[in-house]
Amino acid sequence: MMGSSTNEITMVIVGRTGNGKSATGNSILGRNAFKARRSSGSITRHTEMQTTLLQDGKRLNVIDTPGLFDFTLGPDIVSKEIVKCIDLAKDGIHAVLMVYSIQTRFSVEEKVAFQTIQDLFDQNIVNYMIVVFTGGDMLEKDEETLQDYLIGCPKPLQEIMGLCKNRVVVFDNKSKDENKRNKQMQNLLFVVNNVIKQNNGRPYTNEHFVKLQEETKMQNQQLKEAEQKGIAKEVMSKMQAQLRKAYDNQLGQIMDMVNSNLEDSISRIKKQLEEQRAALAEEIKAARMVRGKSEAEITRLVQELAAAKTEIEQFDKKMNSRCGFRLKYGPLEIKIKF
């Protein structure tokens with residue numbers, strides 16, 4: 001299949017809105033291919049793929065996923081964008097770039113997004129993940145190295161990097177220095193090529209990808225045979241419409257599975273958030289009763305725990321507000337309840 005060819009690499013960029021996913025994609029492509037179109041102050045873009053040729057002649061497919069795993073947009077958009085991503089990457093994914101920003105605090109939402117990726121695909125997806133930190137210019141400004149920055153990073157982020165076997169790169173998407181931009185691209189490709197080698201050249205796939213691959217292969221074969229027989233244009237056009245409908249139906253079945261998995265994932269995450277919230281409440285109570293520590297230390301500890309508890313409560317409230325939605329994909333309309 002196409003995705004398994006060493007002459008083609010497909011990478012998917014995921015992360016929270018504002019972390020610099022599109023800017024990173026543009027840096028990789030070497031041009032402003034991903035543009036944010038704004039409407040009433042909100043980003044209205046969808047998952048899309050852009051392509052470039054590398055110096056060694058390989059074709060590089062970059063899939064930008066605005067809205068993917070961004071729960072502020074609602075689970076309807078999340079599910080639809082997941083299916084769109086699967087459709088674009090149906091030949092397989094060689095690398096998943098998890099984009100985090102050095103300039104923003106690691107959030108509960110980002111932890112949830114990482115968990116959801118594993119739930120919706122499977123545990124093997126971490127074998128293809130690379131952590132990308134944007135904001136490399138801030139490290140230079142503060143005269144810090146990545147190692148300096150990571151010393152104080154939150155435990156959940158450390159766990160994510162551990163699962164990714166510490167495959168970490170830094171991007172400065174603001175730099176105009178051509179040598180610097182080339183070097184950071186070379187660093188990324190070095191890590192990507194290692195990921196490909198470690199996976200024996202096989203891109204990530206699952207049952208969703210395989211179904212689309214099989215459907216595409218069958219349809220291409222049918223169209224090829226029809227052309228060889230010299231079928232009239234009208235008949236060919238009708239045949240193509242029927243095949244497109246069959247493909248849409250296949251996407252609809254995948255949408256059903258994604259919705260089911262997403263519902264299970266969100267239910268499990270809600271339970272985890274409730275447990276974390278209760279645990280933090282107990283920690284705050286215990287911190288107030290600590291003896292042998294200064295009042296300033298106790299105050300700082302209580303404030304940190306209270307801030308974490310508030311973040312969990314806000315995200316939990318955001319999730320609970322999504323009580324139901326409608327998904328549309330082509331002719332399909334699916335009613336979902338959470």
*asked:* I want to confirm something. Restricting to region 74-113 and keeping residues that are farther than 19 Å from residue 49 by Cβ and of a type in the set (Asp, Glu), which single residue is surrounded by the most Cβ atoms within 10 Å (Cβ to Cβ)?
replied: 110
_Single residue of 213, 221, 253 found to be among the polar types (S, T, N, Q), over 30 Å from residue 169 (Cβ atoms), within 27 Å of the chain's Cα centre (by Cα) and part of a helix (DSSP H, G or I)_ = 253
*Give the residues of region 131-161 that are under 22 Å from the mean Cα position of the chain (by Cα), more than 24 Å from residue 62 (Cβ to Cβ) and either of a type in the set (Lys, Arg) or at pLDDT 95 or above (or both), sorted by residue number.*
155
_Taking the conditions exactly as written (open to solvent by 100 Å² or more (accessible area, probe 1.4 Å) and either at pLDDT 95 or above or out of contact with any Phe, Trp or Tyr (no Cβ under 8 Å at 6 or more places or on another chain) (or both)), does residue 183 satisfy them or not?_
yes
*Is there a residue being open to solvent by less than 90 Å² (accessible area, probe 1.4 Å), modelled with pLDDT of 70 or more, in contact with a Phe, Trp or Tyr (Cβ under 7 Å, 6 or more places away or on another chain) and among the β-branched types (Val, Ile, Thr) anywhere in region 258-267?*
yes
*In this structure, does residue 177 turn out to be among the charged types (D, E, K, R), modelled with pLDDT of 90 or more and open to solvent by 10 Å² or more (accessible area, probe 1.4 Å)?*
yes
_Looking at 116, 216 in this structure, which one is surrounded by 17 or more Cβ atoms within 10 Å (Cβ to Cβ), more than 25 Å from residue 8 (Cα to Cα) and at pLDDT below 95?_
116
*Kindly indicate the residue of region 9-26 that is at pLDDT below 90 and touching a helix residue (DSSP H, G or I) at 6+ places or on another chain (Cβ under 6 Å) and also surrounded by the most Cβ atoms within 10 Å (Cβ to Cβ) among those meeting that condition.*
15
*Could you give every pair whose Cβ atoms fall below 9 Å, whose first residue belongs to region 27-44 and is at pLDDT 50 or above, and whose second residue is part of a strand (DSSP E or B) and charged (D, E, K, R), counting only separations of at least 6 or pairs across chains?*
33/48; 33/64; 34/48; 34/64
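The values are calculated or read from the model by the stated rules, or taken from the named source; none is laboratory data. Since we're looking at a predicted model, the values are computed, not measured. When we count neighbours, we look across all protein chains shown, and the Cβ atoms used for this are built from the backbone with ideal geometry, even at glycine. Ligands, DNA and RNA are excluded from the accessible area calculation, which covers all protein heavy atoms including side chains. Shrake-Rupley method; radii C 1.70, N 1.55, O 1.52, S 1.80 Å.
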